[in-house]
Amino acid sequence: FLSALYAQPHVTFRNFPSVPDENGFAGSVVGVSGGKILMAGGSNFPDGTRPWNGGVKTWYDHVMALKKPSGRWRAIGRLPYPLGYAVSATWQVDF
């Protein structure tokens, strides 16, 4: 999981712990709230079979939080329905 943290006037990249899924998630919505990084929803092919080989995409409704870069992702809730490939924005964050 790679995240770009924007600060004036430069961008800093940091590696964060991998999400707790061997396939990862595409299209998750990610943002910052209350000093935590939040990740919600997304999709993947859980059986590892890619779409060009007949794999079926699964959509997720999970919400996970990462309290600190050296921590672990924790499940903290669920969305009202599975979704992904949306947009999020972070405003006035102090790191």
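For this structure, a couple of remarks:
- In order along the range 33-50, phi translates into HN-Hα couplings of 8, x, x, 10, 8, 10, 10, 9, x, x, 8, 6, 10, x, 8, x, 7, 6 Hz, rounded to whole numbers, per the Karplus curve 6.51 cos²θ - 1.76 cosθ + 1.60 with θ = phi - 60° and x for Gly and Pro.
- Interchain or long-range residues, amide H under 5 Å from Ile76's placed H: Val63, Met64, Ala65
Values in this text are rule-based calculations from the coordinates and carry no lab data. Just so we're clear, the structure is a prediction, and the values are computed from it rather than from any experiment.
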